[in-house]
């Protein structure tokens, strides 16, 4: 006589209870190692996306090149009269062009969060057994790396602006671009944390990006400005990076102290000159603070 297997609905209550007790769901333990691995995965994903999107890399270079080659050359005849010998208007705006290349790339890298939310990929990341802070940190580091690499492409063209290819200068500029890229990406992630439509994010960034650039002193010195404009330049985080970048460039040119002071004045608070190390420290604190706000927003996201 053959014995037929019991169907799922024919199990006795005691057998069903025993079967449920034997089933276990394997959930990876959340620890520092898994969070670091999540940071690495999100960071690498950003690099892969940027590498495959060649059109994005090319178009991100067009606007900085237009400012450097077209605007810098076109205004040289007008602004060149106020420049000391050996310095052209292209040399003066070159640090601002570096900041511009970093600005657009970092902000738009953060915008991919909104894109992932629209297509449902962000939900898959949020339900993963890792802390949401790891996702935000990986996103900020990935965007900072991409923006810095984009800025390095403009750094290769330093000779066209009369900037020397000195190793110390180049390393200094790369470090300052990395710091600026991190802060701007954290700013973009903070904005994208609560935005659900990519069109809304693009409209918001277009409203904020150009004022950030023009108020940073990228195209003009920060000295001798009207009071209301001086206040706006001091709350712009780009002002605290463009100044040190321009100071690094002019310190490697044959300029006297007076010419450097006129062309690259330090940011002042009520007449007190802010040191370069403090300017960069302010940018770093801003980046960490905005990343903290983004992490808090992601933790509240359902």
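Any read-out appearing in this document is the output of simple, stated calculations on the displayed coordinates, not a laboratory observation. On a predicted model such as this, the values are computed, not experimentally measured, just so you know. Here the Cβ is made from the backbone with ideal geometry for all residues, glycine too, and neighbour counts use every protein chain on show.
Summary of values
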read-out	value
The chain: angle of helix 276-300 to the longest principal axis, Cα-based, in degrees nearest 10	30 degrees
Cα→Cβ-extended label distance, 7 Å offset, between residue 52 and residue 204, nm	2.6 nm
Principal-axis tilt of helix 167-192 within the chain, Cα atoms, nearest 10 degrees	50 degrees
Ellipticity estimate at 222 nm from DSSP helix runs (n ≥ 4, -39,500 (n - 2.57)) divided over the chain, nearest 500	-22000 deg cm²/dmol
Full-extension gain in nm, residue 231 to residue 285, via 0.36 nm per residue minus C-alpha separation	17.5 nm
Theoretical gain in end-to-end length, residue 166 to residue 270 [0.36 nm per residue, Cα-Cα removed]	33.9 nm
Computed E for residue 77/residue 36 - FRET, C-beta separation, R0 51 angstrom, nearest 0.05	0.40
Max mean-square fluctuation residue, GNM over the chain, Cα-Cα springs under 10 Å, options 217, 159, 292	159
Rounded, prolate or oblate (a/c below 1.5 giving rounded, otherwise prolate when a/b exceeds b/c) for the stretch 123-240 by Cα gyration tensor	oblate
Share of pairwise Cα separations in the chain, more than 23 Å, in percent	61 percent
Cβ-Cβ FRET estimate between residue 61 and residue 196, R0 fixed at 30 Å, reported to 0.05	0.50
Chain lengthening between residue 293 and residue 118 when straightened (0.36 nm per residue, less Cα-Cα)	60.8 nm
The stretch 172-193 and the stretch 252-302: distance between their alpha carbon centers, rounded to Å	12 Å
For the chain, built as a Gaussian network whose Cα springs stay under 10 Å, the top-fluctuating residue of 180, 169, 98	169
Cα-based radius of gyration of the stretch 40-121 once divided by 2.2 N^0.38 Å, which approximates compact folds	1.50
Rounded tilt (10° steps) of 132-155 against the dominant C-alpha axis of the chain	30 degrees
